[in-house]
Amino acid sequence: MKLANALVLSLLPFVLAPTPIASSATTSALRPDPVSPIARATAEKGMQWLVRAQNHDGSWGDNPGCPGEVGNTAIACLALLAHGSTPTRGQHCMVLQRAFDWITRRTRGYVGGKRLDTTTLLHRKLGDNADLYLVALLYSQSTTLNCELFEDDRMRNELRNMAAHIARLQKSNGEWETSYEPMLTTIAAWQALKQTHAAGILIDQASPEKVVRYLREDCLEKATGVFREDKWGRAQRFVTQAGGVRVLIGEGLGKEEDVQRAIGVIDKMRFDQDVGGATGGEEFLGALYATQALLLEQDKVYAAWYDRITKALKSSQNADGSWVGHHCITGRVFCTACSILTLLTPDRQLPLVER
């Protein structure tokens, strides 16, 4: 997979201060917080809920008390990493350590085609390999965070095998498995491979050019900038609009005229518009894709979008700090993790928001 080279940022435990040390007021003026106070407070409330929702064995299921699942545990871990913790450092390091212990027991010795989970809600909505895409994405962000070098090597070997299997699943037209959400499934697989490649692992059995062809020729209406897919009657939908833009910007096509039109469409959309204001996990995932994409592009649309999605997520947050899906992916763990990731995207704690 010949993906564009990109800088992989490390999660550094500290940053050396300049000499002489600037006052906090000066530092604040020079480096304003990219996450708004409202977004940070909203994400913190969600993080407190997510930590409380962890099972005793370190896993997360759809909701508190549900049996642990690889997909939900992986995306919860990504939210914790975005919050600034690692398995060895940070406020929630022990929470992450228990989660990594649980998830690595299920991936140890991974070979292509091995099922990590039985059929879950995420499988039914995002494809038969949804958990594999999510855990590969997690490992692509985590291969240097283990205490021991041999654990890093083990994780990289497992990630290499996961990526090889994901790559083999790509169809000749560029998409991945036909699922309840064909475009979103393809976008999730693309992101897992994109980030794996950025982590330094060679992928030679899949083609990002075919993904771009599928999205631009089969799905993108060039005259309007709207992504449409046959599965949903060629309807205009926020979740696929956000995901399509995420891939094309990630592939360096953000300045192309058709992609600029697609960005303009997002600028006029609400993340909860697809099902009459009833949000599901797909909408929360779409909010994450849109925020990542627009942050990468850094044009005038981003600032207005980030303010708008922050307010929308704050207003839809439950009193206990969680978010819930009202259709399709209804689990509170998935919806809450996606929301935290969205709100904290400007922190750039995870390399996945750099390309």
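Relative to the Cα centre, what is the charge dipole magnitude of the chain, using +1 at the beta carbon of each Lys and Arg, -1 at the beta carbon of each Asp and Glu, and rounding to the nearest 20 debye?
Working: 40 positive and 39 negative charges, 28 e Å.
Approximately 140 debye in magnitude.
Please list 3J(HN,Hα) in residue order for the range 85-98, calculated via the Karplus relation 6.51 cos²θ - 1.76 cosθ + 1.60 where θ = phi - 60°; whole Hz, with x for glycine and proline.
9, 10, x, 10, 9, x, 4, 10, 4, 5, 4, 5, 4, 4
Please identify, among Leu132, Leu169, Leu341, the residue showing maximal mean-square fluctuation in a Gaussian network model of the chain using a 10 angstrom Cα cutoff.
Leu169
Excluding Arg308 itself, what net charge comes from residues whose Cβ is under 12 Å from its Cβ, given Lys and Arg +1 and Asp and Glu -1?
Neighbour charge sum, excluding Arg308 itself: +1.
Apply the Karplus curve 6.51 cos²θ - 1.76 cosθ + 1.60, θ = phi - 60°, to the phi angles in the range 109-124 and return the couplings in whole Hz, x for Gly and Pro.
Per-residue couplings from phi come out as x, 4, 10, x, x, 5, 7, 8, 9, 6, 4, 10, 4, 5, 4, 5 Hz.
Which residue fluctuates the most in the chain, going by a Gaussian network model with Cα springs under 10 Å, if the choices are Asp258, Asp131, Asp230?
So, out of Asp258, Asp131, Asp230, the one fluctuating most is Asp230.
Taking every eigenvalue of the Cα gyration tensor of the chain, multiplying by 5 and rooting it, what semi-axes result, largest first, whole Å? Intermediate results must be reported in sequence, preceding the final value.
Details: eigenvalues 148, 126, 92 Å².
Semi-axes from the Cα gyration tensor: 27, 25, 22 Å.
Rg and Dmax of the range 25-111, using alpha carbons, in Å: what are they?
Spelled out, the Cα radius of gyration and Dmax of the range 25-111 are 15.4, 53 Å.
Add -39500 (n - 2.57) for each DSSP H run of 4 or more in the chain, then divide by its residues: what number comes out at 222 nm, to the nearest 500 deg cm²/dmol?
It comes out at -16000 deg cm²/dmol, rounded to the nearest 500.
Please turn the phi angles of the range 33-41 into ³J(HN,Hα) values with the Karplus equation 6.51 cos²θ - 1.76 cosθ + 1.60 (θ = phi - 60°), one per residue in order, whole Hz, x for glycine and proline.
5, x, 9, 5, x, 5, 5, 5, 5
Taking only C-alpha pairs under 8 Å that are 6+ residues apart, what is the relative contact order of the chain in percent?
Answer for the chain is 23 percent.
What pairs in Lys45/Lys231; Lys171/Lys194; Lys125/Lys210; Lys45/Lys114; Lys45/Lys194 have C-alpha atoms more than 26 Å from each other?
Exceeds cut-off: Lys45/Lys231; Lys45/Lys114; Lys45/Lys194.
Long-range amide H contacts for Val226: which residues qualify at under 5 Å (H placed 1.01 Å from N, peptide plane, sequence gap of 5 or more or a different chain)?
Amide H neighbours of Val226, under 5 Å, 5+ apart: Glu221.
Among Gln205, Thr310, Asn173, pick out the residue whose Cα is farthest towards the positive end of the charge dipole of the chain, where Lys and Arg carry +1 and Asp and Glu carry -1 on C-beta, about the Cα centre.
Thr310
Where does the range 231-355 land on the Kirkwood hydrodynamic radius, alpha-carbon pairs, in angstrom?
14.5 Å
Percentage of Cα-Cα pair distances in the range 148-252 greater than 25 Å, rounded to whole percent?
25 percent
Which listed residue (Ile249, Thr120, Pro64) has the Cα farthest towards the positive end of the charge dipole for the range 36-354, taking +1 on Lys and Arg C-beta and -1 on Asp and Glu C-beta about the Cα centre?
Farthest along the dipole direction, towards plus: Pro64.
Bear in mind that the values in this text are calculations on the coordinates, not laboratory data. Everything numeric in this text was worked out from a predicted model, so none of it was measured. Note that each Cβ is placed from the backbone with ideal geometry, even for glycine, and that neighbours are counted across all protein chains shown.
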